[in-house]
């Protein structure tokens, strides 16, 4: 069975995959006139298509099957491959800054690990954090099964911004 794709469906796809997650430009104006405005959606579509082809699960998104602990574990492994240090279960960590206010290390138990960047929970840097957005989380209880997911152990559903009347996907 074949069918044609409507322009509204193309617009929903382009609004979701074609625009950067933090951008609302596609929701406000579908017409892009400058080369920079044309370049970003093309890069986003390329990344979406490349990710779709790379991950064999039928989705361009990485989804942890065994809980969210997989994310830091994957980061720790990748960090080790490139010579990085991953600090776990260190009490009383303090992020160190140089005279210019840039991160220069992390101190715990009298030892300082020197670094240029730190990835941490915002609670470690309460006086440096500023709110720039919000995260939406939802648990949906459906009255019916999601089509084509009978054999799946878990499902990740992306709700397109246009269908929700939002500036970004959910």
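Fewest first, what order do 128, 117 take by the number of other Cβ atoms within 10 Å?
Details: 128 11, 117 7.
Ordered from fewest to most neighbouring Cβ atoms within 10 Å, 128, 117 come out as 117, 128.
Work out the FRET efficiency for residue 81 and residue 54 from their Cβ-Cβ distance, taking R0 = 22 Å, and round it to the nearest 0.05.
On the way: r = 18 Å, r/R0 = 0.81.
Efficiency for this residue pair is about 0.80.
Taking 0.36 nm per residue of sequence separation and subtracting the Cα-Cα distance, how much length would be gained by fully extending the chain between residue 131 and residue 112, in nm to one decimal?
Working: separation 19, 0.36 × 19 = 6.84 nm, distance 2.84 nm.
Contour length minus Cα-Cα distance gives 4.0 nm.
How high is the relative contact order of the range 70-120, in percent, counting Cα pairs under 8 Å that sit 6 or more residues apart? Walk me through the numbers on the way to the answer.
Values: 52 pairs, mean separation 11.0, N = 51.
So the answer I get is 21 percent.
Starting from the Cα of residue 43, step 7 Å along the direction of its Cβ; do the same at residue 104; then give the gap between the two resulting points in nm.
3.3
Mind ordering 81-93, 139-151, 101-113 by average Cβ neighbours within 10 Å, highest first?
Working: 81-93: 9.5, 139-151: 7.0, 101-113: 12.7.
Those peptides, ordered most packed to least, come out 101-113, 81-93, 139-151.
Would you mind computing, in nm to one decimal, how far apart the modelled labels at residue 149 and residue 163 are, each placed 7 Å from Cα along Cα→Cβ?
1.1
Each value in this text was obtained by applying a stated rule to the coordinates, not by laboratory testing. What you see is a predicted model, and the numbers here were worked out from it, not measured in a lab. Note: ideal-geometry Cβ built from the backbone for every residue, glycine included; neighbour counts use all protein chains shown.
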